[in-house]
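Just below is one structure, and these are the notes that go with it.
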Amino acid sequence: MRFAIIRFGGSNCDLDVYRVLTEVLGADASLVWYKEELSGFDGVIIPGGFSYGDYLRAGAIAARTPIMDSVRRMASGGKPVLGICNGFQILVESGLLPGALMTNRYPRFRCEWVNLRVDADSPFTSKFGAGQVIRMPIAHMEGNYFADDSTLGELNAKRRVAFRYVDESGETTPGSNPNGSCQNIAGVLNEAGNVLGMMPHPERASESILGGEDGRRIFESMVEFAGSL
């Protein structure tokens, strides 16, 4: 299996993702500059950072670059696409996922560990049980997920909310929501389930020395899914 990790000007988590895929999981991965073409890849990851300095809206400029046409083709072909933090923002801005990411309810950068509840079966969560509580770090200022009532209803009805911010017992409380996201949403899936956008950083929770390995299981699930296609 061969995976592409897209690099934009301002990406800063690309090498972290590359290390997890190649050194932790032993997968084949390539760093792909946004001006290049995506060809011969079995999956793609858009890592975190501040593409184009977030000078317009977070992810808005990167979403309009030609390489995103390749990402759309991969997504429509059923291949796994994972957007992390700024990558989530890019997927939303490109129309691959619904909703919007706004400035945190309390407008400051948040960098801390959070609890997440796994709320959907997907190619990215096959290593977890339904309702399992896992831990990962966040690092963002514009992670406040918003969608209108109709969209939220559809996401819930079709079990497209992959993760929610919760407390240690798995409850969605105001105190467990670090950014004000609607319904404590931390990650969403497209209708086919092969595109995931999430604000927490799984690459920063992929080795025990970093404080946990729950993030590694997301990449493992993605690799296994790609191998089954």
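The values are calculated or read from the model by the stated rules, or taken from the named source; none is laboratory data. None of these values were measured; they are calculated from a predicted model. With ideal geometry, Cβ positions are generated from the backbone for all residues, glycine too; neighbour counts draw on all protein chains shown.
For the stretch 13-49: of the residues being at pLDDT 95 or above and among the polar types (S, T, N, Q), which is farthest from Glu203 (Cα to Cα)?
Ranking the candidates gives Ser30 first.
For the stretch 8-39, what are the residues that are without any contact (Cβ under 8 Å) to a residue 40 or more places away in the chain and either of a type in the set (A, V, I, L, M) or in a strand (DSSP E or B) (or both)?
Once the filter is applied, which keeps residues that are without any contact (Cβ under 8 Å) to a residue 40 or more places away in the chain and either of a type in the set (A, V, I, L, M) or in a strand (DSSP E or B) (or both), the stretch 8-39 yields Leu15, Asp28, Ala29, Ser30, Leu31, Val32, Trp33, Leu38.
Taking into account only those residues within the stretch 206-224 that are among the acidic types (Asp, Glu), surrounded by fewer than 19 Cβ atoms within 10 Å (Cβ to Cβ) and touching a residue at least 24 places away in the same chain (Cβ under 8 Å), which is nearest to Ala120 (Cα to Cα)?
Glu224
Identify all residues within the stretch 39-62 that are small (Gly, Ala, Ser), over 13 Å from Leu196 (Cβ atoms) and crowded, with 21+ Cβ neighbours inside 10 Å; write none if there are none.
Passing the criteria: Gly48, Gly49, Ser51, Ala58, Gly59, Ala62.
Hey, among the residues in the stretch 67-83 that are within 16 Å of the chain's Cα centre (by Cα) and basic (Lys, Arg), which one's nearest to Ala4 (Cα to Cα)?
Lys79
Looking at Gly83, Gly77, Gly99, Gly95, can you tell me which residue is surrounded by fewer than 21 Cβ atoms within 10 Å (Cβ to Cβ), under 15 Å from Val195 (Cβ atoms) and touching a residue at least 60 places away in the same chain (Cβ under 8 Å)?
Sole residue among the options that is surrounded by fewer than 21 Cβ atoms within 10 Å (Cβ to Cβ), under 15 Å from Val195 (Cβ atoms) and touching a residue at least 60 places away in the same chain (Cβ under 8 Å): Gly99.
Of the residues Gly187, Gly211, which is at pLDDT below 95 and under 23 Å from Phe109 (Cα atoms)?
It is Gly211.
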